[in-house]
Amino acid sequence: MNFKHKYFFLFPGLFVLIGILIFPIIFVVRLSLSGWNSYNPGLDYIGLENYIRLFTDDPRFWESFFRLSFLSVTTVILQYVIGFALAHMVWKDIKFKRFFRVLFLVPMMTTPVIMTVIWRTFFHESLGPVNDILSVFGVAPKWLTDPVIAKFTVIIVEVWQWTPFMFLLLLAGLLSLPKEPFLAAAIDGASPVRKFIYVTFPLMAPISIGAIIIRLIEASKIMDTVYVLTSGGPGTSTETSSFYIFIKGLREFQMGYAASMSFTYLIIMIISLTIIAKVLTKVLLKE
Amino acid sequence: MDKLYIFLKYFFIVVWTVFVVAPFLWALTTSFKDFQSVNGGVTYIPWVDFEPNLEGWKVLIKSPAKGGVDIIEPYFNSMFVTCTASLISIILGTLSAYALSRYTFKAGFVKNNDITFFFISQRIMPPIVLSIPFFLFLSSINLLDSLTGLIVVYIVLLMPIAVWIMVDFFNKVPREIDETALIDGCNPYQAFLKVVLPNSIPGLIVAGMFCIIFGWIDFFFAFILTFTEVQLLPVKIVALNSSVTPWWSLSASALVSVAPLIIVAFIVERYLSKGNLSGAIK
């Protein structure tokens, strides 16, 4: 099997992908060195000015980045814990197993923005059911207009939307585990808790790492939920990096500056995800 | 101890089920309400709290000229873009995945794993990074606001998923079956088409389902790269979310948009229970 056939298999896909992507990526880098904005649309050359502005004179970008880190790490941790619990519960025989499996998968099949529009009505401060029910207890949280609570509303919606994906990956992992270690544990008479700590969890470690990384990658892109739910508000309290770049680039048309932000953002994402992957591998696999 | 565990287990399942179902139930009841029963206070039960009517559903198929919303055209646009982009991604992705699974490539320090990683790593790319150049690029070749332009962009989103799932799947299909086919006188293309592909149908279905999910639920690129000529479903529905939101038609259209993917959930569960998804994430 050492003919040139292999290239005929590989190249169509590879070249289509590179062909579509090469222009945008080079263009982002070039654009980031220009002062393209709505008064002056054109690829002039202004050197590193955009980057200097970004690193010295734009706290809003860094705030949005830390907010994004907080939101994505919190949601992924919640999704992992809940997803693992759910997967573990419908892994073995329970009543209506397949019904629950389908039901728990459904949210990830729904379009995030469309469900977010529904969530907006759900959390509506005077006409939504949540505050109507909570009014029995005499509280009425401002789900969408309080800077602190709005963050948690975003988290709730994200957890609802994407826990199923975590659930899917972890359940697929659980279903692929070998049977022998569990038999051995059963013979030793291990309690469910000990079985989980000493058998299930260690066996699931590599799968957990994969699932967490995949979800972190996807969570770091969070933007359309925020756009529909709060539009980054109140103020800038739920604004994430992507959303800020979107405002600068495609609302204020500071294309050059937005390009420098998106390139910086991409580099930060790649570096931090690599570090997170390394750390998780160390911790969970105890290498 | 055991009883407590079982109690907690069912308690948790019930709580989560309520949480999952709540927005759907809310959307379902809201879709039958009228202005009065939405804005006059919170109502829940049809016929008891409010008098249900079909207005929210009827406007979906009326033309905008008659005060309707007309989601039929965006619906078909969405389906067309999603299916076309998924199909192209699956075909190209499967071919590449087969090559990466069966042959060794070496170009300098770049090996098979690096090429696979290159494909998959495209998922790391935040959409916003690509959106600005795509916007300018598509407008320069007159594909802004067109279905073709969107399909091109969606291939970038979906092909990594296809490659990711299919590489793992082909790795689990025993090499002997291609080798036997080659010995029997097939050329590599015949071996691939007649022997390997028929043995990979579960993988293809799973990859296809994932491409369809991630194509169907995308909003961002459709939102940035199309305006008036072409509208996809999510953009159309979110556009309803204006200052005076018609909650009833919004809810009805949301349910209509969610419906086809429920079938996908059943298919994914089926292949999940058969163990066809396990390789994909290691």
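A short reminder: the numbers here are calculations on the coordinates, not readings from a lab. Remember, it's a predicted structure, so these values are computed and weren't measured experimentally. Note: ideal-geometry Cβ built from the backbone for every residue, glycine included; neighbour counts use all protein chains shown.
Observations
- Compared with the dominant principal axis of the Cα atoms in chain A, helix A:112-122 is inclined by about 80°.
- Helical segments meeting 20 Å axial Cα length and Kyte-Doolittle -0.5 threshold in chain B (DSSP H): B:2-30, B:72-102, B:147-172, B:201-216, B:247-273
- Relative contact order, percent, the stretch B:73-239 [alpha-carbon distance under 8 Å, six or more residues apart]: 40
- The long axis of helix A:97-109 is offset from the longest Cα principal axis of chain A by roughly 0 degrees.
- Angle in degrees between helix A:255-285 and the longest Cα principal axis of chain A, rounded to the nearest 10: 20
- Computed label-point distance, nm, for sites B:ASP114 and B:SER273 using a 7 Å Cα→Cβ extension: 4.5
- Within the stretch A:159-287: Cβ-based charge dipole about Cα centre, in debye rounded to nearest 20 (Lys, Arg +1; Asp, Glu -1): 220
- Within the stretch A:69-131, chymotrypsin sites (Phe, Trp or Tyr not before Pro) in DSSP loop having at most 12 other beta-carbon neighbours inside 10 Å: A:PHE96
- B:PHE80 versus B:THR245: modelled label distance in nm, points set 7 Å from Cα along the beta carbon direction: 3.0
- Average other protein chain Cβ within 10 Å of Cβ, residues A:241-249: 3
- Surrounding net charge for B:GLN190, when Lys and Arg each add one and Asp and Glu each subtract one, Cβ distance under 15 Å: -1
- For B:28-41, mean number of other protein chain Cβ atoms within 10 Å: 1
- Out-of-range pairs (alpha-carbon distance over 28 Å; input A:LYS4/B:LYS172; A:LYS278/B:LYS9; B:LYS106/B:LYS172; A:LYS195/B:LYS274; A:LYS95/B:LYS172): A:LYS278/B:LYS9; A:LYS95/B:LYS172
- The stretch A:73-96 versus the stretch A:228-268: alpha-carbon centroid distance in Å: 33
- Partner aspartates and glutamates for B:LYS3 [C-alpha distance under 20 Å; skip if fewer than 8 residues away on the same chain]: A:ASP93
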